[in-house]
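The values are calculated or read from the model by the stated rules, or taken from the named source; none is laboratory data. For clarity, every value in this text was computed on a predicted model and none was experimentally measured. Cβ placement follows ideal geometry from the backbone for every residue including glycine, while neighbour counts extend to all protein chains displayed. Accessible surface areas use protein heavy atoms only, side chains included; no ligands, DNA or RNA. Shrake-Rupley method; radii C 1.70, N 1.55, O 1.52, S 1.80 Å.
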Amino acid sequence: MCKNKFNISILAVLFWLPFLSNVWPDDTSSAPALDTYNKAVRLYETKNWDAAKDYFHQYLAEYSDTPLYVTCLYYLAYCYQQLGDKDQAVLLYHKVIDQAQGGDAFWGDMAQKRIDEVLGG
């Protein structure tokens with residue numbers, strides 16, 4: 001049973017790998033961006049909103065032309081929401097909506113839901 005789960009995981013990785021390689025070019029410049037993003041997400045997942053916020057700010061300042069830009073904007077807005085800064089959160093959620101196009105449309109929809117949550121509650 002465990003071997004089957006491992007094989008399925010390997011197949012999933014092999015399936016998605018070609019798509020992911022087209023999303024982010026394979027060069028050394030993406031490594032620092034991914035490192036900063038991963039640090040921010042780890043802090044976000046542990047609800048360390050203030051530290052996550054700082055890393056998301058760093059990412060957005062240094063890597064504005066990357067595929068994760070809109071995602072980071074959304075996460076940053078949510079950090080501000082959790083920290084009680086509703087004005088900044090709503091401002092950033094609006095920026096997510098403005099920037100979210102194509103594959104990022106999901107984040108625009110989520111941002112609108114958060115705005116409704118912040119302003120309604």
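Annotation for Phe106 and Glu62: the two label points, set 7 Å from Cα along the Cα-Cβ direction, are 2.6 nm apart. Note that region 35-105 presents 52 Å² accessible area per residue, ligands and nucleic acids not counted, probe 1.4 Å. Here the label points at Asn38 and Ala51, each 7 Å from Cα along the C-beta direction, are separated by 1.6 nm in the simple model.
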